[in-house]
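Structure, as structure tokens:
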Amino acid sequence: MNVPRLLDRARHSGIARRWANLLLPFIIPFNRPHGFRLVPLKEGGITVEVPYWRINRNHIRGIHACALATAAEMCSGLSVLERLDPKE
């Protein structure tokens, strides 16, 4: 799977964005229960949305710090993959 190409297509096409959001939970199975959604920005960069689900909440009903850290790690990892080709 060519992740940089997938992210570039998702940046400009809604269908490709839905396809990326369907594929990423299988590519990164650790993040599957969290239900993160990928939102590529038109100018470059990536945003990851964290849904307000029970699994992502802490004891005071806010977003859990581990869910935020995992979303940030996913976002930064995809940004690195977007710029660097893993094959080189």
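Some points to look at:
Condition check ((1) over 18 Å from Ala72 (Cα atoms); (2) among the acidic types (Asp, Glu); (3) without any contact (Cβ under 8 Å) to a residue 24 or more places away in the chain) across all residues:
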{"position": "Leu7", "(1), (2), (3)": "no, no, no"}
{"position": "Gly14", "(1), (2), (3)": "yes, no, yes"}
{"position": "Trp19", "(1), (2), (3)": "yes, no, yes"}
{"position": "Phe26", "(1), (2), (3)": "yes, no, yes"}
{"position": "Pro29", "(1), (2), (3)": "no, no, yes"}
{"position": "Pro33", "(1), (2), (3)": "no, no, yes"}
{"position": "Leu38", "(1), (2), (3)": "no, no, no"}
{"position": "Gly45", "(1), (2), (3)": "no, no, no"}
{"position": "Pro51", "(1), (2), (3)": "no, no, yes"}
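- In the stretch 3-30, the residue that is nearest to the chain's Cα centre (by Cα) out of those that are surrounded by 14 or more Cβ atoms within 10 Å (Cβ to Cβ) and of a type in the set (D, E, K, R) is Arg17.
- Screening the stretch 31-54 for residues that are assigned to a helix (DSSP H, G or I) and either at pLDDT below 90 or under 12 Å from the mean Cα position of the chain (by Cα) (or both) and picking the one that is surrounded by the fewest Cβ atoms within 10 Å (Cβ to Cβ) gives Arg32.
The values are calculated or read from the model by the stated rules, or taken from the named source; none is laboratory data. Keep in mind the model is a prediction, meaning the values are calculated, not measured. Glycine gets a Cβ as well: all are built from the backbone with ideal geometry, and neighbour counts include every protein chain shown.
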